[in-house]
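Written out below as structure tokens is the structure these notes cover.
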Amino acid sequence: MSLKNRVLAWVEAFNRGDAKALTHFYAEDAINFQVPESPIQGRANICDMFTREFKQATMTCLVENIFEDGEWAILEWRDPLGLRGCGFFQFQDGLIVYQRGYWDKLSFLRMHGLPIPKD
């Protein structure tokens, strides 16, 4: 399966809010680093992160572009509320070993009516 198709399958699981299905896309010691947050390491911790996030808000990823370069796939996305971002997925042996995502956390919190942390 091409990296593009793997990312499309990941998006399908994400849009279903299926944390367990998403977990199977990651290597056991994978890192998921959503830049507004601290990096999460390990398949179980990544599953916990998605479980928490799906309980907080209904999220939908609408694919705008997917690019492949070697062991990397790059996803440019938007959601129905207007938030935009991109994700970088590094694959080894068909599994995500590193993911980095860029999006505006403040806009996300406001769009979903979630509390804004005070620093």
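Of note:
- Qualifying residue in segment 37-46 (condition: modelled with pLDDT under 95 and over 14 Å from the mean Cα position of the chain (by Cα)): no
- In segment 27-74, the qualifying residues are those that are without any contact (Cβ under 8 Å) to a residue 60 or more places away in the chain and of a type in the set (Val, Ile, Thr), and the one that is farthest from Asn15 (Cα to Cα) is Ile40.
Residue by residue, here is whether (1) over 17 Å from Asp79 (Cα atoms); (2) out of contact with any strand residue (DSSP E or B) (no Cβ under 6 Å at 6 or more places or on another chain); (3) surrounded by fewer than 16 Cβ atoms within 10 Å (Cβ to Cβ) holds:
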site	(1), (2), (3)
Val7	no, no, no
Glu12	no, yes, yes
Leu22	yes, yes, no
Phe25	yes, no, no
Gln34	no, no, no
Arg52	yes, yes, yes
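- Test for Gly17: is it touching a Ser or Thr at 6+ places or on another chain (Cβ under 9 Å) and touching a residue at least 40 places away in the same chain (Cβ under 8 Å): yes
- Qualifying residue in segment 25-34 (condition: of a type in the set (S, T, N, Q), in contact with a helix residue (DSSP H, G or I) (Cβ under 7 Å, 6 or more places away or on another chain) and under 28 Å from Ile116 (Cα atoms)): yes
- So Gly94, is it exposed (fewer than 15 other Cβ atoms within 10 Å of the Cβ), more than 11 Å from the chain's Cα centre (by Cα) and at positive phi: yes
- The criterion of at least 2 residues that are farther than 17 Å from Asn5 by Cα is met, among strands (runs of 3 or more DSSP E) falling completely within segment 19-108, by 26-34, 84-92, 95-103.
- If you go through segment 58-88 and keep only what is surrounded by 15 or more Cβ atoms within 10 Å (Cβ to Cβ) and among the small types (Gly, Ala, Ser), you end up with Ala73, Gly85, Gly87.
The values are calculated or read from the model by the stated rules, or taken from the named source; none is laboratory data. Given the structure is predicted, the values throughout are model-derived calculations rather than measurements. Please note: Cβ atoms are built from the backbone with ideal geometry, for glycine as well, and neighbour counts cover all protein chains shown.
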